[in-house]
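Input: a single structure, listed below in structure tokens.
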Amino acid sequence: MPMKKFLTKAFLKEFFIYVGFGLLASLVSYGTFYLFYKVVFAYSHVLTANTIAFILGTTFSFLTSKRFVFKNFDWSFPTVRAEIIEFFSLRILTFTLEQLGLYIAGKFIDPTIIYFAYHSFTLNGIMLAKALISIVAGLINYLFSKLIIFKPQ
């Protein structure tokens, strides 16, 4: 696909809608994690809380991407089943790549070097790596969602 076709006004609008709903999905995920980790499990079962948060955040992302970002209105069972399998598989793959990237970053970056600090918030090399890796994962998720999972019929 030529770059010129990609950088149209419609593409940019769709991409920013995707980013907006991605931020909302992150809020769903973090809010769910907080609720289950702190309130329901009283600071225990961190992996269970994170798994529930991942499932709810990814489900929210699937529904909003399908309906509002890529405007895919085929809700037949075979279509939705295939899309859900592809969507969750991709998210698990990019999550695994993020984990691998952070593991590698942790081996080469000194976490004690602080690049920015404001009150209790600090930005070190690991946090910068996390941000960059998340951006790459988000772009991969967007491209696969647009070109494969929710491709125009």
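Of V80, V28, all but one fail to be more than 14 Å from S145 (Cβ to Cβ), touching a Phe, Trp or Tyr at 6+ places or on another chain (Cβ under 6 Å) and either at pLDDT 95 or above or among the hydroxyl-bearing types (S, T, Y) (or both); the exception is V28. As for the stretch 44-53, it holds at least one residue that is over 16 Å from the mean Cα position of the chain (by Cα) and β-branched (V, I, T). Each residue in the stretch 35-81 was checked for being of a type in the set (G, A, S) and over 19 Å from F95 (Cβ atoms), and 3 of them qualify. The residue list T122, T94 contains one member that is surrounded by 11 or more Cβ atoms within 10 Å (Cβ to Cβ) and closer than 17 Å to G22 by Cα, which is T94. Restricting F62, F88, F15 to residues that are at pLDDT 95 or above, in a helix (DSSP H, G or I) and either of a type in the set (S, T, N, Q) or not assigned by TED's automatic domain parsing to the domain that holds L147 (or both) narrows the list to F62.
None of V28, V39 is over 16 Å from the mean Cα position of the chain (by Cα) and assigned to a helix (DSSP H, G or I) except V39.
Taking the conditions (1) in the same structural domain as Y30 (by TED's automatic domain parsing); (2) farther than 28 Å from F11 by Cβ in turn, T112 satisfies each one other than (1). For K151, the conditions (1) outside any helix (DSSP H, G or I); (2) of a type in the set (K, R); (3) farther than 30 Å from F73 by Cα are fulfilled apart from (3). Looking only at the stretch 114-148, residues that are free of Cβ contacts under 8 Å to residues at least 12 places away in the same chain and not in a helix (DSSP H, G or I) come to 9 in all.
With the structure loaded, tell me whether Y37 is more than 19 Å from I140 (Cα to Cα), exposed (fewer than 12 other Cβ atoms within 10 Å of the Cβ) and in contact with a helix residue (DSSP H, G or I) (Cβ under 8 Å, 6 or more places away or on another chain) or whether it fails that test. So Y37 fails the test. Residue selection: V39 fails the criterion of being of a type in the set (V, I, T) and at pLDDT 95 or above.
The values are calculated or read from the model by the stated rules, or taken from the named source; none is laboratory data. Quick caveat: nothing in here was measured; it's all calculated off a predicted structure. In this analysis, Cβ positions are derived from the backbone assuming ideal geometry, glycine residues included, and neighbour counts consider all displayed protein chains.
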